[in-house]
Structures are given as structure tokens and as C-alpha cells.
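First up is the structure itself, then whatever we jot down about it.
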Amino acid sequence: MLVVEHLTKVYEDGTVALKDVSFTVDDGEFLVIIGLSGSGKSTLLRCINRLIEPTEGRILWNGVDITQASEAEMRRIRREIGMIFQHFNLVERSSVLTNVLTGRLGYLPSWWSLINYFPEREKERAMAALERVGIADKAHNRADALSGGQKQRVGIARALMQEPKMILADEPVASLDPVLAHSILGYLETLNQEQGITVLCSLHYLDLVQRYATKVIGLRDGRLVYEGTGEQIRNITDEEFKQVYGQEAQRLSVGG
Amino acid sequence: MGANKSSLAKPSWLQALLSLLVPGLGQAVSGAVSRGVYIFLSVVTLSGLAVFAAAQRPRYPDYALSFRAYLYFLLESAALLLFLLALYWLARRYAMKTEFARNVAAPAFVAVTVVVLFLAAPQMLETFLSAAQLKKLYGMTSLLTAFVVAAIWAWNVYDAAWVRGKDFAPSMGNFYMLVIVGVLVLGTRIVQINPAKAIREYKDTGVILGQIAWPWRVAFDYSRSELVAIAKVQAPCPPGSNPPPVQQPKEGRPWVSVTPTCGELSKRDAEGHLTYGTLLTIRGGGFKPNKKVHILWANPLGNTFTPRGFGPTDIQVGPDGTFTTKLYIPDVTIPSVAKGPQIHELRVVQRGAAKFTGRLSKDMKLALEAMLESIMMGLMATAFGIVLSVPLSFLAARNLMSTLHTTSQGFVGGVIGLVGGAYLGKLAGDYLAPLVGGLEKAPILTFFIYFTLVLVLAIVAYRLLSRALDSIAERLPALVSFGVGIAGMALIGAVVGYELGLGYAHGILGITRGPEGALQAAPHTAMLGAVLGAFLGGLWAWRLGVHGTIPIGRMIYAATRLILNIGRSIEPLIWAIMGVIWVGPGPFAGFIALTIHSVAALGKLYSEAIESIDPGPIEALQATGASRLQTIVYAVIPQVMPPFTAFTLYRWDINVRMSTIIGLVGGGGIGFLLIQWIHQFQYEQAGLAVWLITITVATLDFISASIREKMV
């Protein structure tokens with residue numbers, strides 16, 4: 001279970017990205033974070049695995065306070081939390097297999113990397129992960145030879161290597177077309193439902209949110225302005241919508 | 001003098017007047033402050049340079065032109081220009097109505113101005129220079145600069161009349177153009193560029209340039225067939241002496257016969273007047289017919305010379321291979337120890353044509369060896385440069401280092417660990433070194449053992465202690481760990497302060513008080529430094545508080561960058577001079593110089609390549625729980641490989657190029673040979689070196705370009 005309490009992030013230049021955000025995510029939840037660009041979605045996700053150092057507040061992950069963890073503890077926590085990114089963040093010049101294998105680094109001794117050593121069982125695990133996202137045939141291609149959808153599947157395979165209990169997905173489909181978006185979110189949903197992996201995912205399109213979320217939180221200017229179940233988001237009122245997206249916002253599409 | 005003025009604006013006479021008095025003042029008053037500053041600084045700088053170049057150069061006192069004279073000339077020029085400008089302005093405003101006239105006006109004005117100024121310059125100069133001074137004035141360059149400054153001055157007055165602060169600022173194109181012209185004219189003068197001299201004096205260097213351009217004659221050995229015949233002659237010829245017998249002709253062999261075989265030397269008295277000695281009749285045979293023979297004289301010590309002025313020395317051989325000639329015994333300096341009659345030799349030599357043997361000459365072999373030395377020097381310097389600069393470049397990459405923070409306890413542990421570990425490494429080295437033979441028997445292995453032990457133990461101790469102190473500090477009560485932090489920082493501060501105090505005494509006080517005084521003051525300054533350092537260190541830890549962090553990454557980044565910048569700002573040739581002082585002349589000194597410069601240059605290029613990578617993969621790997629090392633290996637290195645390869649090849653190129661001339665200052669390699677040959681006026685040999693350098697550099701250029709094409 002993930003408990004976020006009074007989380008605040010103020011950047012060095014004084015920008016307040018998050019202001020007193022509190023919420024709880026139960027195990028096995030598919031939590032979607034909605035909000036405009038710059039509302040603090042990315043900052044929130046990165047505070048959870050401390051890619052960004054929170055200014056105030058606590059984040060409890062199965063009872064352990066992530067914000068107080070030492071460097072070594074943080075490494076153990078991070079390897080249980082997979083992350084996928086809007087721009088995939090693959091190492092373009094490395095092979096697909098190497099990119100997937102890097103997901104396992106948190107479990108392997110540091111100095112092995114000096115001789116570029118991965119045990120055979122990890123390579124098998126990586127091939128299995130690629131098999132699951134359906135691009136095992138691309139394993140030995142360079143990552144920059146893949147299309148956007150394929151790259152994001154490599155990103156998911158890399159997260160799977162961590163055997164994660166939770167996946168943080170930062171706008172995973174914002175750079176993809178709608179068909180690919182459903183395919184990627186479909187993988188996440190499968191992982192969520194079949195393996196009980198908790199998913200925290202930020203999304204732009206309301207129809208996608210309504211289709212996949214079991215729980216939704218809305219951020220606006222760093223504040224939590226909406227909290228609801230999957231049921232509630234499918235029946236979101238205009239007033240709630242404007243609370244998240246601002247008074248000038250128009251609801252454009254329904255269904256999808 | 002463009003007239004792109006706003007139709008709304010009217011000229012402001014007050015500002016124009018102010019700028020006439022002080023350039024730029026008018027502009028500044030109307031609100032364009034920086035514009036005014038530019039103009040003022042340009043006029044002052046150009047004037048200063050002009051006076052420096054034309055007047056006050058101690059190396060050329062003849063050309064002296066006083067500052068006062070320059071100023072008069074400048075003011076007169078400016079007045080003249082302003083007058084012309086005013087005429088131009090009036091003409092445009094009232095006389096020129098057609099488009100054509102306006103288009104012609106500007107170039108016509110410039111042409112007229114130049115002509116008038118050139119015509120007027122001597123007149124103007126005469127008003128404050130005597131005819132003798134005027135004659136000595138060197139060229140027109142100093143006058144031209146004054147013209148340019150005057151033109152800027154005039155432009156500035158015109159400009160001041162139209163500028164309206166920030167609301168209306170006409171283009172400064174003319175101003176910049178004038179400044180550039182002024183700088184170029186001055187540059188010509190200061191660099192003493194003189195094409196006429198280059199053309200006039202070319203013929204003196206023609207022969208030498210030719211030798212350097214085509215030196216291949218000395219690259220190979222040539223064989224000559226030589227027919228030699230020798231006849232002995234005794235001199236002087238006192239009665240009762242025993243002269244050598246007259247040679248008889250020999251069949252099938254070159255022979256020479258001299259009569260008489262005994263005679264007196266020619267003599268030269270103190271005034272240089274010559275008295276001829278005995279006249280010898282020389283007959284010879286057995287030489288190749290219809291070719292020339294050459295006659296040489298060898299004194300009793302065996303030194304040979306051509307006896308010019310005592311008879312013909314180059315004689316045509318007849319069709320039967322014989323010749324006859326006459327020669328006075330030349331004047332020969334006899335060694336003072338020699339007494340009585342001496343035996344001299346007359347040698348007749350017939351040289352065949354030079355034959356190409358295909359063997360390289362000694363000089364060419366020397367040059368090739370030195371060239372190889374140079375290439376290897378460049379190669380080794382590049383290799384060591386890469387090995388040393390890669391780790392440094394990671395320390396000098398802002399994006400990697402700025403995230404590194406440590407607590408004061410961790411910092412204390414780290415510093416103590418680093419120093420202590422290095423010391424332990426040295427002790428371990430002391431123990432191990434004798435086992436492999438020590439510095440005398442196995443210098444490279446011993447050095448390697450020391451280097452590895454010190455480095456590894458320092459890093460291990462650093463990591464262990466910084467973590468240990470960090471985690472101990474967490475478990476201790478806050479106040480105690482705070483105290484540990486303060487005490488540790490004070491200790492580090494004291495040590496650093498002590499060293500700085502010593503350095504201050506020897507470095508700064510050494511200048512003012514001399515070495516004696518510095519030695520006397522050292523204990524006090526060191527103690528003062530220690531106390532001050534301890535105070536500052538403690539204060540820093542205090543200010544950090546219980547949970548504060550030290551941006552250790554940024555500190556290392558700044559320090560590494562500083563070191564790299566210093567290393568790079570000092571040219572390899574200067575480093576080579578230091579290397580020669582350090583390890584003596586030779587390729588090792590050159591290697592040290594090139595390595596230091598390579599490390600600094602590559603370190604900067606590499607670190608900039610690291611700074612410009614995509615941060616996404618780093619973020620992704622950090623999120624998987626990868627350690628710092630793993631992140632670097634799998635997210636940073638793949639991204640920096642192409643720029644690293646390109647920079648390395650580029651550096652290799654530079655290093656081989658530099659290694660060919662680093663010998664000029666004693667750094668070994670072909671440059672060393674080149675400068676020796678030049679000093680000995682052996683220009684053909686020097687030409688060989690120049691050719692080898694050119695061929696090597698061109699080949700290398702080609703190779704590195706094609707590798708770069710393939711790899712990057």
C-alpha cells in the first residue's frame with residue numbers, strides 16, 4: 001500500500017510544483033492521475049521513487065518511509081518500482097536486449113557492469129519479458145531502429161525485469177497514436193489484473209482515463225482537486241471537470 | 001554616413017556639441033549610455049594603440065611622433081571631416097532633388113573625403129612637425145589611423161545629433177566598419193607587415209628555400225669510382241738529404257711521376273707577398289682518356305687541399321690516357337714540431353660520375369628514426385591522455401556531479417578516507433615494491449604497483465569511511481553527530497589552512513621579504529592559517545546545521561574544471577620546457593608535455609560531450625535502482641561513444657602534429673633534429689625533416705578522416 005501524506009515540492013527557483021498532496025493507493029489499484037500540463041503530475045510520480053527529492057511530507061510504501069531512506073535502502077525500494085516514460089528513455093545506441101537487461105541492474109553487483117556482465121538467467125528473463133510484450137524478434141536490433149510503439153513496449157519489458165510490485169507510468173501514451181495507446185495501456189491493464197501490480201499512471205485523454213482507471217486523482221497547480229473511483233470518473237460532472245481542467249476547458253470527446 | 005534618420009526627428013545640436021567635445025557623451029546624455037560608452041572606448045583605445053604604435057615605441061625611436069602631435073593631427077582631421085560632412089549634408093538637403101543625385105552622393109563624398117585628406121595630411125602635419133621629423137615619419141599607417149579615429153569622431157558627432165535614446169537608434173554599421181578598418185591598419189603597423197620587404201629580400205633566401213623544398217640529394221648515398229695516383233716529394237731539400245726515387249710508369253694502372261722529387265716550398269711573407277718555390281714537372285698516365293684529372297697536395301700530416309695559384313689543378317687527359325703539367329710546390333704550413341726535410345704527397349685523382357646506390361644516407365636514417373620517435377610520442381601521449389582524461393571528464397560533467405551531496409560527517413569521513421587510504425596504499429607499495437625489484441630494477445612495474453595501490457585503497461577507504469561516518473552519525477544523538485561534523489570539518493580546515501599558510505609564506509612573502517624572511521615567517525603564517533582554517537571549517541559545519549548537506553559534486557566539478565582549464569591554457573611547447581627541466585631533454589619530456597595538454601583538452605571535450613547527452617536514460621536507469629557506476633556504464637557511456645571517438649581522433653591528429661615540433665624546445669623527436677640542422681645551416685637536411693613532417697601529418701590527416709567517417 002502506498003500512502004502519500006502532505007507531499008510538497010518547491011523547486012530551487014521557487015516554483016511550487018506540489019502543495020500538500022495526500023492520497024492512498026491500495027495494492028492492485030490502477031490509479032490514474034489527471035491534470036493539465038504543468039499541474040505537477042510528473043513531479044508527483046518522480047517524488048514517489050525520489051528521482052526528485054520532495055521538500056516536505058511523507059511517502060509510505062508498505063510502511064517504509066521512502067523520503068527518509070538512505071541511498072542503499074533507496075536502491076532496494078526503487079527496484080520494486082518500475083517506471084515507464086513518455087519519451088521511453090531508452091538508450092538509443094544500445095540493443096533492445098541491453099535496454100531490457102538494464103531493468104535488472106538494481107539486483108546485480110555494481111562492479112559487474114565494469115566488464116559488461118549479465119548472467120545467462122538474466123538474459124533468459126529479458127527474452128521472456130520481450131516475449132510477453134511481443135517483440136522478442138527485435139531483441140538484437142538497436143533501440144533507435146524501433147517505432148514509437150515498439151520502444152514503449154521495450155520500456156515495459158525493462159520495467160518487468162524489475163519484477164515490480166508497482167509501476168509508475170508518466171504519460172506513457174502521450175507520444176503515441178490512439179491505437180497504440182490502447183495497446184500499451186492494455187499491457188499495463190493485463191499486468192495490473194493478472195499479477196496484481198499496482199499502476200500509477202498519468203494520462204491526458206479523459207476517454208482513456210474512463211476506460212482503464214480503477215481510481216482517479218486530479219491535480220491542478222500542484223493541489224489535489226479531485227479524487228474518485230473508476231465508477232465516478234465515468235460519470236464525471238461538468239463542474240468536476242472544470243475543477244480539474246479550468247473554467248475555459250471544453251469537453252471534446254466522449255468515448256473513443 | 002548613412003542618412004537613415006526618422007522623418008519625425010530633428011537634429012539635436014546640443015548632443016552633437018557634447019559629442020564633439022567628448023566622443024560618446026552626446027549619445028549617453030540622450031539615453032543611449034552603452035552606445036556612448038562603446039564610442040568613447042573605441043576612440044580612446046584606437047588613439048592609445050596608434051600613439052603606442054606610431055610614437056612611443058622604444059624599439060623605433062626614429063619614428064617618434066609625440067602624443068601632442070598626434071592629438072593636433074587628429075583634431076585637424078576631425079575638423080576637416082566635419083566640415084566635409086556638413087557640406088555633404090547641406091548638399092543633400094538643399095541641392096540634390098533627384099534619386100540619381102542622391103545615389104551618387106554617398107560614394108562621391110567618401111571618394112572626395114579620402115582625396116582631400118591625403119592631400120591635406122602633409123599640409124596639416126607641417127603645422128606641428130619639422131621637415132626632418134616629417135621625413136622620418138614611417139609610412140602612411142600612423143596617419144591613416146588618425147584619419148580613422150577622426151572619422152569615428154566625426155561620425156559620433158553626426159550620430160549624437162540624431163540618436164534619441166532607446167526610441168531611435170540608427171544603425172551602427174558605419175561605426176563598426178570604421179573601428180574594424182582602424183584596427184586592421186594599426187595591426188599592419190604593429191605586426192610590421194611589409195610586402196615590399198618580402199619581395200625585395202626574397203632573392204637572398206631563394207637558394208636556401210630551394211634546398212629545403214627539394215632536399216632529396218642528401219637522402220641517399222652515392223658511389224663514385226675514383227682513379228688515384230700518388231707521388232712523394234721532399235721539402236725542403238738540404239744538400240746531402242735522401243729524396244724519394246722518381247716514379248716510373250706502370251702498365252694498366254694509373255701512375256704519376258714528379259721531377260724533381262725534392263725542392264723548396266713557396267713562401268709568403270708578412271705582407272702577403274709570395275715567393276714561388278721549386279717548379280715541378282708532372283707526368284701521368286693510365287687514366288681514362290679525354291676526361292679531367294684533379295691535382296691535390298697532401299702535407300706531411302695527410303691534410304689535402306687543392307694547390308690553387310701554383311699551376312693548373314684540373315687537367316685534360318689525352319686520348320692515350322696520359323698528361324703532362326707543371327706546378328710550383330705550394331706554401332704549406334708545417335707543424336712547428338716538425339724539423340728538417342718532410343715528405344709531402346702529390347695526388348692525382350680522376351673521379352667518375354656519381355652513381356645512385358639506392359642506400360639511404362646516414363642523415364635520412366637519422367631523420368626516419370626521429371620521425372618514428374615523434375609518431376610514437378604522439379601516440380603514447382594520446383593513449384595516456386585518454387586513460388587519464390576519461391575519469392576526469394566524469395568529474396568535470398555538471399549534469400553528473402551536481403546531484404552529488406554529502407553530509408558534513410560524510411565529507412569528513414571521505415576526506416580522511418581518501419588521504420588515509422592513499423597513505424596506506426603508499427605503505428603497502430613500500431612493502432611490495434622490493435619484491436619486484438624496486439624503482440631501480442623495475443621502474444615501470446614498481447610505479448604501476450604504487451599507482452594502483454594508492455588509487456584503489458584511497459577509493460575504498462573513501463567509500464567505507466564516508467558511509468560509515470554517515471550511518472554512525474545517523475544513529476548517534478543529533479547533538480553528538482553534529483559535534484563530530486563540526487570537529488571533523490575544523491580539523492580538515494586546520495590542515496588546509498596550515499598548508500595555505502606555508503604556501504603564503506613561501507609564495508607571497510618570499511617576494512617581498514626574500515627567502516630568508518619567508519622561512520622566518522613560515523611557522524607563524526602556517527599556525528595562523530591552521531587556526532583560521534579550523535574556525536572557518538567549524539563555522540561551515542555549524543551553518544550547515546544537523547541535516548545540511550555539502551554540494552560535494554559541485555565542488556569537485558569546479559576544482560576539476562579549474563585544473564583542466566589551467567592545463568589547457570598553457571601551450572604544449574611551454575609544458576615541454578617544463579618537461580625538459582623535469583626529466584631532461586628527449587622524447588620523454590615531449591611525451592609529458594603532450595600528455596598533460598591532452599588530458600586537459602580531452603577532459604574538457606569529453607565532459608562537454610557528457611553534459612550534452614539525453615538525461616532520459618539516466619533517469620530511467622536510476623529509477624530501476626541502478627547504482628551510480630551502473631548508470632554511467634549503461635546510460636552515459638553508450639551515448640558518449642561517438643563524440644568521444646571523434647574527439648580522440650582529433651586529439652591524436654593534434655598530438656602527432658605537435659610531436660613533430662615539440663623537439664624545437666628539447667622534447668625529442670624530429671623537431672629536435674630539425675632545429676639542430678637549421679642551427680648548423682644544413683638546410684638540405686632540414687628540408688628532409690620538413691618533408692617527413694609534412695608527409696606524416698598529411699597521411700595522418702587522411703587516416704583519421706577516413707576512420708572518423710566510418711566510426712562516427
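Restricting attention to region B:615-627, which residues are part of a helix (DSSP H, G or I) and within 8 Å of chain A (Cβ to nearest Cβ)? First the steps, then the outcome.
Just the residues of region B:615-627 that are part of a helix (DSSP H, G or I), to begin with: B:615-623.
Once the filter is applied, which keeps residues that are part of a helix (DSSP H, G or I) and within 8 Å of chain A (Cβ to nearest Cβ), region B:615-627 yields B:Gly616, B:Pro617, B:Glu619, B:Ala620, B:Leu621, B:Gln622, B:Ala623.
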Only residues that are among the hydrophobic types (A, V, I, L, M, F, W, C) and either exposed (fewer than 11 other Cβ atoms within 10 Å of the Cβ) or in contact with a Cys (Cβ under 8 Å, 6 or more places away or on another chain) (or both): list them for region B:214-245, please. B:Val233, B:Ala235, B:Cys237
Does B:Ala397 meet the test of being crowded, with 22+ Cβ neighbours inside 10 Å and either within 30 Å of B:Gly616 (Cα to Cα) or not β-branched (Val, Ile, Thr) (or both)? yes
Which numbered condition in (1) buried (at least 20 other Cβ atoms within 10 Å of the Cβ); (2) within 16 Å of the chain's Cα centre (by Cα) is the only one that A:Leu208 fails? (1)
Only one of A:Thr24, A:Thr15, A:Thr43 that is closer than 19 Å to A:Tyr245 by Cα, of a type in the set (Ser, Thr, Tyr) and modelled with pLDDT under 95: A:Thr43
Would you be able to say whether some residue in region B:580-596 is surrounded by 24 or more Cβ atoms within 10 Å (Cβ to Cβ), polar (S, T, N, Q) and either within 30 Å of A:His87 (Cα to Cα) or within 14 Å of chain A (Cβ to nearest Cβ) (or both)? no
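At least 2 residues that are out of contact with any Phe, Trp or Tyr (no Cβ under 9 Å at 6 or more places or on another chain) in each: list the strands (runs of 3 or more DSSP E) lying fully within region B:302-373 that qualify.
Numbers: elements: B:314-316, B:323-328, B:342-360.
Answer list for region B:302-373: B:323-328, B:342-360.
Just for region B:323-334: of the residues that are at pLDDT below 90 and surrounded by 11 or more Cβ atoms within 10 Å (Cβ to Cβ), which one is farthest from B:Leu227 (Cα to Cα)? Before the answer, list the steps.
Step one: list which residues in region B:323-334 are at pLDDT below 90, which gives B:331-334.
Those still in the list that are surrounded by 11 or more Cβ atoms within 10 Å (Cβ to Cβ) too: B:331-332, B:334.
Details: B:Asp331: 26, B:Val332: 25, B:Ile334: 28 Å.
Among them, the one singled out is B:Ile334.
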Find the residue count for region B:16-38, including only residues that are under 18 Å from B:Ala78 (Cα atoms) and surrounded by fewer than 24 Cβ atoms within 10 Å (Cβ to Cβ). 7
Residues in region A:81-91 that are surrounded by fewer than 24 Cβ atoms within 10 Å (Cβ to Cβ) and more than 8 Å from chain B (Cβ to nearest Cβ): how many? 1
Residue in region B:432-455 that is nearest to the other protein chains (Cβ to nearest Cβ), counting only those that are surrounded by fewer than 18 Cβ atoms within 10 Å (Cβ to Cβ) and more than 38 Å from the chain's Cα centre (by Cα): B:Leu432
For region B:254-272, check the following and say yes or no: at least one residue is surrounded by 11 or more Cβ atoms within 10 Å (Cβ to Cβ), within 60 Å of the chain's Cα centre (by Cα) and of a type in the set (A, V, I, L, M). yes
Taking region A:1-26 and keeping only residues that are over 23 Å from A:Pro164 (Cβ atoms) and not in a strand (DSSP E or B), one is left with A:Tyr11, A:Glu12, A:Asp13, A:Gly14, A:Thr15
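Return the residues of region B:492-526 that are within 29 Å of B:Leu418 (Cα to Cα) and of a type in the set (Gly, Ala, Ser); say none if nothing qualifies.
From region B:492-526, those within 29 Å of B:Leu418 (Cα to Cα) are B:492-507, B:522-526; that's our starting set.
Correct list: B:Gly493, B:Ala494, B:Gly497, B:Gly501, B:Gly503, B:Ala505, B:Gly507, B:Ala522, B:Ala526.
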Determine, yes or no, whether B:Met401 is assigned by TED's automatic domain parsing to the domain that holds B:Ile610 and of a type outside the set (Phe, Trp, Tyr). yes
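Residue-by-condition table, conditions (1) of a type outside the set (A, V, I, L, M, F, W, C); (2) within 22 Å of A:Ile167 (Cα to Cα); (3) outside the structural domain of A:Arg46 (by TED's automatic domain parsing):
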{"position": "A:Gln210", "(1), (2), (3)": "yes, yes, no"}
{"position": "A:Thr214", "(1), (2), (3)": "yes, yes, no"}
{"position": "A:Arg220", "(1), (2), (3)": "yes, no, no"}
{"position": "A:Gln232", "(1), (2), (3)": "yes, no, no"}
{"position": "A:Thr237", "(1), (2), (3)": "yes, no, no"}
{"position": "A:Glu240", "(1), (2), (3)": "yes, no, no"}
{"position": "A:Ala249", "(1), (2), (3)": "no, no, no"}
Among the residues of region B:629-637, is any more than 10 Å from chain A (Cβ to nearest Cβ) and over 18 Å from the mean Cα position of the chain (by Cα)? no
By residue number, the members of region A:93-123 that are in contact with a Phe, Trp or Tyr (Cβ under 6 Å, 6 or more places away or on another chain) and more than 8 Å from chain B (Cβ to nearest Cβ) are A:Leu101
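With the condition kept exactly as written, say whether any residue in region B:529-539 is in a helix (DSSP H, G or I), free of Cβ contacts under 8 Å to residues at least 60 places away in the same chain and assigned by TED's automatic domain parsing to the domain that holds B:Asn655. Walk me through it before giving the result.
Step one: list which residues in region B:529-539 are in a helix (DSSP H, G or I), which gives B:529-539.
Next, only the ones that are free of Cβ contacts under 8 Å to residues at least 60 places away in the same chain stay: B:529-539.
Keeping just the survivors that are assigned by TED's automatic domain parsing to the domain that holds B:Asn655 gives none.
Within region B:529-539, none of the residues are in a helix (DSSP H, G or I), free of Cβ contacts under 8 Å to residues at least 60 places away in the same chain and assigned by TED's automatic domain parsing to the domain that holds B:Asn655.
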Counting only residues that are assigned to a helix (DSSP H, G or I), more than 27 Å from the chain's Cα centre (by Cα) and among the basic types (Lys, Arg), region B:196-225 contains a total of 3
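Taking region A:34-53, which residues are within 14 Å of chain B (Cβ to nearest Cβ) and assigned to a loop (DSSP other than H, G, I, E, B)? Give the steps one after another, and end with the answer.
We begin by selecting, within region A:34-53, every residue within 14 Å of chain B (Cβ to nearest Cβ); these are A:42-43, A:45-53.
Those that are within 14 Å of chain B (Cβ to nearest Cβ) and assigned to a loop (DSSP other than H, G, I, E, B): A:Asn49, A:Arg50, A:Leu51, A:Ile52, A:Glu53.
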Any residue at all in region A:86-97 that's part of a helix (DSSP H, G or I) and not acidic (Asp, Glu)? yes
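Residue-by-condition table, conditions (1) modelled with pLDDT of 90 or more; (2) of a type in the set (S, T, N, Q); (3) out of contact with any strand residue (DSSP E or B) (no Cβ under 8 Å at 6 or more places or on another chain); (4) assigned to a strand (DSSP E or B):
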position	(1), (2), (3), (4)
A:Arg211	yes, no, yes, no
A:Val225	yes, no, no, yes
A:Phe241	no, no, yes, no
A:Leu252	no, no, yes, no
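Going by the conditions given, is A:Ser147 surrounded by fewer than 23 Cβ atoms within 10 Å (Cβ to Cβ), more than 14 Å from B:Ala623 (Cβ to Cβ) and within 13 Å of another protein chain (Cβ to nearest Cβ)?
Working: surrounded by fewer than 23 Cβ atoms within 10 Å (Cβ to Cβ): yes; more than 14 Å from B:Ala623 (Cβ to Cβ): yes; within 13 Å of another protein chain (Cβ to nearest Cβ): no.
So A:Ser147 fails the test.
Looking at B:Lys197, is it basic (Lys, Arg), surrounded by fewer than 20 Cβ atoms within 10 Å (Cβ to Cβ) and in contact with a His (Cβ under 9 Å, 6 or more places away or on another chain)? Don't jump to the end; show me each part of the working.
Details: basic (Lys, Arg): yes; surrounded by fewer than 20 Cβ atoms within 10 Å (Cβ to Cβ): yes; in contact with a His (Cβ under 9 Å, 6 or more places away or on another chain): no.
It is false that B:Lys197 is basic (Lys, Arg), surrounded by fewer than 20 Cβ atoms within 10 Å (Cβ to Cβ) and in contact with a His (Cβ under 9 Å, 6 or more places away or on another chain).
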Failed criterion for B:Thr525 (all others in (1) under 26 Å from B:Ala397 (Cβ atoms); (2) touching a residue at least 12 places away in the same chain (Cβ under 8 Å); (3) surrounded by 14 or more Cβ atoms within 10 Å (Cβ to Cβ) hold): (1)
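The values are calculated or read from the model by the stated rules, or taken from the named source; none is laboratory data. In this text, all values refer to a predicted model and were calculated from it rather than measured experimentally. Heads up, the Cβs are rebuilt from the backbone with ideal geometry, glycines too, and the neighbour counts pull from every protein chain shown.
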